[in-house]
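A short worksheet on the structure shown next.
The values are calculated or read from the model by the stated rules, or taken from the named source; none is laboratory data. All of these numbers come straight from a predicted model, not from anything done at the bench. Just so you know, the surface numbers come from the protein's heavy atoms only, side chains and all, with ligands and any DNA or RNA stripped out. Shrake-Rupley method; radii C 1.70, N 1.55, O 1.52, S 1.80 Å.
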Amino acid sequence: MISRTISGALLLVALLFFGASLAMAQEPTPGVKKSTAPRTNAASGVEMFNTYCAVCHGKDAKGDGPLATELKIPPANLTMLAKNHDGKYPTDYVSQVILTGPRDAKSHGSKDMPVWGTVFKSMGDDASVKQRIFNLNKYIETLQAK
Ligand code: HEC
């Protein structure tokens with residue numbers, strides 16, 4: 001009897017967790033809408049990456065985030081940036097993508113997905129936008145494939 005109650009309680013807890021993770025999976029992309037973008041510490045590249053980028057690019061930046069399959073254009077594998085740019089991590093290019101989106105791609109600049117520059121500007125002054133981009137770059141650079 002007692003054990004049944006306990007396993008019932010455990011099941012309930014498990015269901016709650018499952019429900020919560022389902023609900024999270026169905027929420028709009030975190031950070032994608034300006035108004036809902038969660039605040040992060042501009043000094044923490046890893047926190048910003050995991051909050052704003054991992055949902056598409058994956059925590060490991062390989063392009064396999066939970067939202068990847070929903071997108072028409074697959075999210076780029078960000079661990080290959082250096083390899084794809086003659087072995088040198090392309091800081092300026094990545095900064096430009098973050099600020100204004102990839103040149104001819106819709107995925108960072110459609111109306112549902114404002115470019116990150118706009119999102120970051122809504123969170124602080126120009127210096128803080130620069131700091132965010134600088135620290136995101138520093139973090140993504142550490143993820144480069146050797
Ligand atoms: C809603 C999904 C989504 C989110 C969130 C997202 N990206 Fe992207 N990103 C994409 C897609 C899709 C592409 C590849 C296609 C394209 O060029 O648009 C891409 C391309 C890129 C590229 C170009 C890669 C290359 O090889 O040229 C960079 C750099 C990049 N993203 C950085 C970021 C950073 C940094 C963040 C977080 C601040 C982020 N992205 C968040 C979807 C996303």
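Summary table below
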quantity	calculated
Residues whose placed amide H lies under 5 Å from that of Asp64, excluding near-sequence neighbours	Gly58
Gain in span if fully extended, Ala43 to Asp86, counting 0.36 nm per residue against the direct Cα distance	12.6 nm
Area accessible to solvent at Tyr139, 1.4 Å probe radius, in Å²	50
Solvent accessible area, Å² - Ile133, 1.4 Å probe, full protein context	20
Accessible area of segment 40-97 divided out per residue, in Å², using a probe of 1.4 angstrom	54
18 Å Cα-Cα threshold exceeded, pairs from Lys62/Lys121; Lys59/Lys88; Lys59/Lys138	Lys62/Lys121; Lys59/Lys88
